[in-house]
1. Could you list all residues from segment 50-75 that are part of a loop (DSSP other than H, G, I, E, B) and either under 17 Å from residue 30 (Cα atoms) or free of Cβ contacts under 8 Å to residues at least 12 places away in the same chain (or both)?
2. If you go through segment 33-49 one residue at a time, do you hit one that is under 30 Å from residue 205 (Cβ atoms) and outside any loop (DSSP other than H, G, I, E, B)?
3. Restricting attention to segment 127-165, report how many residues are outside any helix (DSSP H, G or I), out of contact with any helix residue (DSSP H, G or I) (no Cβ under 6 Å at 6 or more places or on another chain) and either buried (at least 17 other Cβ atoms within 10 Å of the Cβ) or free of Cβ contacts under 8 Å to residues at least 24 places away in the same chain (or both).
4. Restricting to segment 100-124, name every residue that is closer than 22 Å to residue 36 by Cβ and either in a helix (DSSP H, G or I) or assigned by TED's automatic domain parsing to the domain that holds residue 40 (or both).
5. When the residues of segment 225-248 are narrowed to those that are in a helix (DSSP H, G or I) and either touching a helix residue (DSSP H, G or I) at 6+ places or on another chain (Cβ under 7 Å) or at pLDDT below 50 (or both), which ends up farthest from residue 104 (Cα to Cα)?
6. Tally time: how many residues in segment 63-91 are surrounded by fewer than 20 Cβ atoms within 10 Å (Cβ to Cβ) and more than 19 Å from residue 122 (Cα to Cα)?
7. Looking at (1) under 24 Å from residue 130 (Cβ atoms); (2) touching a helix residue (DSSP H, G or I) at 6+ places or on another chain (Cβ under 7 Å); (3) assigned to a loop (DSSP other than H, G, I, E, B), which one does residue 84 not meet, given that it meets all the others?
8. Against the definition (assigned by TED's automatic domain parsing to the domain that holds residue 217, touching a helix residue (DSSP H, G or I) at 6+ places or on another chain (Cβ under 8 Å) and assigned to a helix (DSSP H, G or I)), how does residue 93 come out, yes or no?
């Protein structure tokens, strides 16, 4: 009996792994993130997948095309604001930034690419699509670019702090740490908190913080009802409770690979 079981196990160990396009793309993204774009080749992808590189020649015809496909796979997970959509444009823009945050958590180099690279060109195309939706005329474009990039910087910083600390609510941990500081040495922080009789939602909620930044940096964008923002925040926190990155995956109807 034990001999038969050993034979079955030996066959299972030797069974080749199933190779799918999704797994190849996921592995290519990991190589791009961990080793850089110059390192993307069939051997690197095969090593990431744990398969023989010769096998992948049956699945990959053009490494450049695969790189493009992998980047498009990420970009497709980011919703673009659309004026024809019933959802308020500002809510759509906040969702856009939240999805970028989720992707940035998994691929920290996503928003940092050399000018002129394929990823940079994709990001420029993404930005143009957003500008086409949020700007009603060309006079708004330059300030909208400044505002968009400023908010994007905040999103990337928050994502990096979350990723590096493993804490999905770094804002709250900051507040707890501030509360433990010597009051006489950090009186400025405490005066601000005490003068407002507590902390505003712009401080403790990331969605509200994004909305606050849009108010300041993109004032031409129509305001939204508080209830719409609360609904978005509730959905966002619910998805975070299931582990990140999750919001972008749910937004597009599938889990990230």
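The values are calculated or read from the model by the stated rules, or taken from the named source; none is laboratory data. All values derive from a computational prediction rather than experimental measurement. Methodologically, a virtual Cβ is constructed for each residue, glycine included, from the backbone with ideal geometry; neighbour enumeration extends over all protein chains shown.
1. Narrowing segment 50-75 to residues part of a loop (DSSP other than H, G, I, E, B): 50-52, 57-62.
Selection gives 50, 51, 52, 58, 60, 61, 62.
2. The initial filter retains those residues of segment 33-49 that are under 30 Å from residue 205 (Cβ atoms), namely 33.
Restricting the remaining residues to those that are outside any loop (DSSP other than H, G, I, E, B) gives 33.
Yes, the conditions are met somewhere in segment 33-49.
3. Kept after step one, since they are outside any helix (DSSP H, G or I), are these residues of segment 127-165: 135-137.
From what's left, out of contact with any helix residue (DSSP H, G or I) (no Cβ under 6 Å at 6 or more places or on another chain): 136-137.
After this cut, where a residue has to be either buried (at least 17 other Cβ atoms within 10 Å of the Cβ) or free of Cβ contacts under 8 Å to residues at least 24 places away in the same chain (or both) as well, the list is 137.
Of the residues in that region, 1 qualify.
4. Taking segment 100-124 first, the residues closer than 22 Å to residue 36 by Cβ are 100, 103-124.
100, 103, 104, 105, 106, 118, 119, 120, 121, 122, 123, 124, listed by residue number.
5. Step one: list which residues in segment 225-248 are in a helix (DSSP H, G or I), which gives 226-240, 247-248.
Narrowing the set further to residues that are either touching a helix residue (DSSP H, G or I) at 6+ places or on another chain (Cβ under 7 Å) or at pLDDT below 50 (or both) leaves 228-229, 232-233, 236, 239, 247-248.
Details: 228: 25, 229: 22, 232: 20, 233: 19, 236: 16, 239: 16, 247: 12, 248: 11 Å.
Checking each candidate, the answer is 228.
6. Total satisfying the criteria: 8.
7. Only one criterion is unmet by residue 84, namely (2).
8. Working: assigned by TED's automatic domain parsing to the domain that holds residue 217: yes; touching a helix residue (DSSP H, G or I) at 6+ places or on another chain (Cβ under 8 Å): yes; assigned to a helix (DSSP H, G or I): yes.
The answer is yes for residue 93.
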